[in-house]
Each structure stands twice: as C-alpha cells, then as structure tokens.
1. Which is farthest toward the positive dipole end of the chain among 123, 16, 133, measuring Cα position about the Cα centre, with Cβ charges +1 (Lys, Arg) and -1 (Asp, Glu)?
2. For the chain, what is the relative contact order in percent, using Cα pairs closer than 8 Å and at least 6 residues apart in sequence?
3. Given the chain, what count of lysine pairs have C-alpha atoms under 15 Å apart, with each pair 8 or more places apart or on different chains?
4. What is the distance, in nm, between label points placed 7 Å from the Cα along the Cα-to-Cβ direction at residue 3 and at residue 93?
5. Could you state, as a whole-number percent, how many of the C-alpha pairs of region 106-147 are farther apart than 17 Å?
6. Between helix 74-105 and the chain, what is the angle of the helix's C-alpha long axis to the longest principal axis, kept within 0 to 90° and rounded to the nearest 10?
7. Heavy atoms of the protein only, probe of 1.4 Å, neighbouring chains included. What is the accessible area of residue 58 in Å², nearest 10?
8. Would you tally the net charge around residue 5, using a Cβ to Cβ cut-off of less than 15 Å, leaving residue 5 out, and scoring K and R as +1, D and E as -1?
Amino acid sequence: MFQKIEEYFVCIGLLLLILLVFLAAVLRMFGIDMSWSTDLAQLTFAWVCFIGADLAMRVNRHMGVDLFVERFPLKVQKIIKSIILTLVFCFMVFVIIYGVNLSIINRQRHFNTLPISYSVATISAPVGCLLMAITSFKQLVKSIKPNKGIK
C-alpha cells in the first residue's frame, strides 16, 4: 500500500518536473518568462529524488556492486549484507538529525520566485532518509532471520 503511494508520488513528480522544464524552455523561445518554474522544478526534484531513493531501496533496485560479494558463501553474504544495512541505517539517522536542523535553519529563506520557504525542499532529505531508515531496518531484520535468502 505505502509502496504504491510512493510510486504515484514519484510518477506525478517526474511528470510535473518534465512538464515544467519543457514548458519553460518552449515559452522562453517566445519571450515568455517562467522563472518560477525553475524553483518549482528544484523543489519537485528534491522530493522525487529522496522518495524515489526509498522506493528503489524498497524493491532492491539501488545501484550496487555485488560481483565480489557473490563469490562468498551464502552465510558470509548475509553477514556482509547485515553490516552494510547497519551502516546505511546509521547514515540515514545522521542525515535525519542534521537534515531537520538544516530545515529549521532554512525556515526564513525563501525561493527566489515562489512564496515558499526553502525548508520545504530541505525537509525532503530527512523525510526521505527516515523512509530509507525504516526500509533498511526492515531489510536488516529480514536478513538476520534464519532460513531467509539474501534477497
């Protein structure tokens, strides 16, 4: 259920991003200024990146190099995966803490052309990392359970 919400959010966000950039480029050829579209595109891009990163992590589509790890026995692969997921979880907690602080600092800053606080964009990092922390924790628990496969 939650994964479907993320999928819709990312798809709509990407569609909006493409339309904003395309319209701004086309209208600029006719001398029509859409400078606000750049700021809205940046805001959309930030949210799509972090929610999309959680979505990719949730379905095991994140970029990874496992050519070396695949050569180890299954037990060692599980240990390596558990260590990596623990490190990912710790990093996500770090980004959540400092990202919330950055969002609070950016509360007074506004986009150049939009009456929106810049913290709306910066809060995308801790929100996305919170989702990724939950996902990595779930995957860690799943990888630690006995008789479970790597994926």
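1. Working it through, the farthest residue towards the positive pole turns out to be 133.
2. Relative contact order here is 28 percent.
3. Step by step, the pairs that qualify in the chain add up to 17.
4. 2.6 nm
5. Roughly 52 percent, rounded to a whole number.
6. That helix lies at roughly 30 degrees to the long axis.
7. 60 Å²
8. -1
The values are calculated or read from the model by the stated rules, or taken from the named source; none is laboratory data. The shown structure was predicted, so the numbers you read here are calculated from the model rather than taken from an experiment. Cβ: placed from backbone, ideal geometry, glycine included. Neighbour counts: every protein chain shown. These accessible areas exclude ligands, DNA and RNA; they are computed on the full protein's heavy atoms, side chains included. Shrake-Rupley method; radii C 1.70, N 1.55, O 1.52, S 1.80 Å.
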